[in-house]
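The values are calculated or read from the model by the stated rules, or taken from the named source; none is laboratory data. In this text the structure is predicted, and so the values were computed from the model without any measurement. We place every Cβ from the backbone using ideal geometry, glycine too, and count neighbours over all the protein chains shown. Quick note on the areas: whole protein, heavy atoms, side chains included, nothing else; ligands and nucleic acids left out. Shrake-Rupley method; radii C 1.70, N 1.55, O 1.52, S 1.80 Å.
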Amino acid sequence: MKILTFLILCFASVTLAADFKTIDGKEYKNVTVSRVEPDGIVLITSSGISKVYFTELPKAVQERFHYDAAKGAAFSAQQTATQAAFQKQQEELRRKLAEDAQKNEQNRLRVAAAFVPQRGQSIEVISHGAQVDIAKHLALGNVTIVDFYADWCGPCRQISPSLEQMARTDPEIALRKIDIVNWKTAVVRQYNIHSIPQVNIYNRGGNLVGSVVGADVQAVERYVAQAKTGG
């Protein structure tokens with residue numbers, strides 16, 4: 001039979017050593033009550049710090065520490081909500097750090113590309129939301145890839161390194177990038193952009209061979225091969 005007992009070795013203060021036994025028989029010997037919270041007591045034991053909830057303790061202990069079930073439940077709910085908010089904040093921080101790391105890697109690749117002359121055509125951003133005449137930026141005699149993207153677009157970040165790698169390593173390919181910024185910019189209206197990434201491929205004569213919507217590198221490569229042969 002489980003005996004509901006609560007032995008206090010010194011009644012003068014809750015901070016003095018005491019023995020506790022929970023209603024399921026678990027014992028805490030010679031512990032110190034370091035803090036009393038609305039839903040339980042925090043104990044310092046020889047092995048560390050433990051929290052024992054009032055719902056686990058005999059009624060005599062609950063009364064000794066003036067336990068109020070309603071206040072205890074409210075406090076527990078508040079603690080749970082606070083913990084959930086903290087976890088969400090940590091997840092958001094981890095996501096931002098991952099995005100920053102990916103963005104830094106892309107910047108590193110762009111810088112590296114700037115220091116590799118004689119290998120491929122130039123890579124340049126030709127518009128940040130403003131209208132642009134793409135025809136003026138085509139690398140005639142070579143294949144031109146035009147990448148409509150935005151920094152906040154996950155699939156854009158996914159395909160961008162592959163497009164840049166193609167331009168850096170193939171002297172017959174030039175890459176032009178257009179940052180749409182948001183869906184209300186002039187360049188979006190000009191080219192009727194509804195989804196990004198959108199990648200347009202132009203042949204050596206400046207004619208549009210095809211457009212790829214989405215992060216489909218293989219489709220881009222097929223159009224590039226077609227553009228090289230005359231499209």
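All but one of (1) of a type in the set (Ser, Thr, Tyr); (2) over 24 Å from Gln102 (Cβ atoms); (3) surrounded by fewer than 20 Cβ atoms within 10 Å (Cβ to Cβ) hold for Tyr223; state the number of the condition that does not hold.
(3)
Working only within region 18-38, note down all residues that are touching a Phe, Trp or Tyr at 6+ places or on another chain (Cβ under 9 Å) and of a type in the set (D, E, K, R).
Asp19, Lys21, Lys26, Glu27, Lys29, Glu37
For residues that are out of contact with any strand residue (DSSP E or B) (no Cβ under 6 Å at 6 or more places or on another chain) and closer than 25 Å to Arg157 by Cβ, scanning just region 204-220, find the one that is least open to solvent (accessible area, probe 1.4 Å). Walk me through it before giving the result.
We begin by selecting, within region 204-220, every residue out of contact with any strand residue (DSSP E or B) (no Cβ under 6 Å at 6 or more places or on another chain); these are 204-207, 214-218.
This time we only want the ones that are closer than 25 Å to Arg157 by Cβ, so: 214-218.
Numbers: Gly214: 21, Ala215: 40, Asp216: 64, Val217: 39, Gln218: 124 Å².
Step by step, filter region 204-220, then rank; the result is Gly214.
Give Ile173, Ile178, Ile196, Ile201 a once-over and let me know the one that is open to solvent by 10 Å² or more (accessible area, probe 1.4 Å), in contact with a strand residue (DSSP E or B) (Cβ under 8 Å, 6 or more places away or on another chain) and either in contact (Cβ under 8 Å) with a residue 60 or more places away in the chain or of a type in the set (Val, Ile, Thr) (or both). Step through it out loud before you land on a result.
Values: Ile173 fails: open to solvent by 10 Å² or more (accessible area, probe 1.4 Å); Ile178 fails: open to solvent by 10 Å² or more (accessible area, probe 1.4 Å); Ile201 fails: open to solvent by 10 Å² or more (accessible area, probe 1.4 Å).
When all the criteria are applied, what remains is Ile196.
If you scan region 40-66, which residues turn out to be open to solvent by less than 60 Å² (accessible area, probe 1.4 Å) and without any contact (Cβ under 8 Å) to a residue 40 or more places away in the chain?
Gly40, Ile41, Val42, Leu43, Thr45, Gly48, Ser50, Val52, Phe54, Gln62
Which condition number does Ala74 fail, the rest of (1) surrounded by 15 or more Cβ atoms within 10 Å (Cβ to Cβ); (2) at pLDDT 90 or above being met?
(1)
State which residue is nearest to Glu105 (Cα to Cα) when the search covers only region 140-180 and only residues that are in contact with a Lys or Arg (Cβ under 8 Å, 6 or more places away or on another chain) and part of a loop (DSSP other than H, G, I, E, B).
My answer is Asp151.
When both residues are 6+ apart or on different chains and their Cβ atoms are under 6 Å apart, which pairs have a first residue that lies in region 69-80 and is under 14 Å from Ile41 (Cα atoms), and a second that is acidic (Asp, Glu)?
Between residues of region 69-80 that are under 14 Å from Ile41 (Cα atoms) and residues that are acidic (Asp, Glu), the close pairs are Gly72/Asp39; Phe75/Asp39; Ser76/Asp39.
Just name the residue that is nearest to the chain's Cα centre (by Cα) out of those in region 37-71 that are of a type in the set (Ser, Thr, Tyr) and modelled with pLDDT under 85. Walk me through it before giving the result.
Step one: filter region 37-71 for residues of a type in the set (Ser, Thr, Tyr), giving 45-47, 50, 53, 55, 67.
Subset that is modelled with pLDDT under 85: 45-47, 50.
Working: Thr45: 39, Ser46: 40, Ser47: 37, Ser50: 33 Å.
Only one residue tops the list, namely Ser50.
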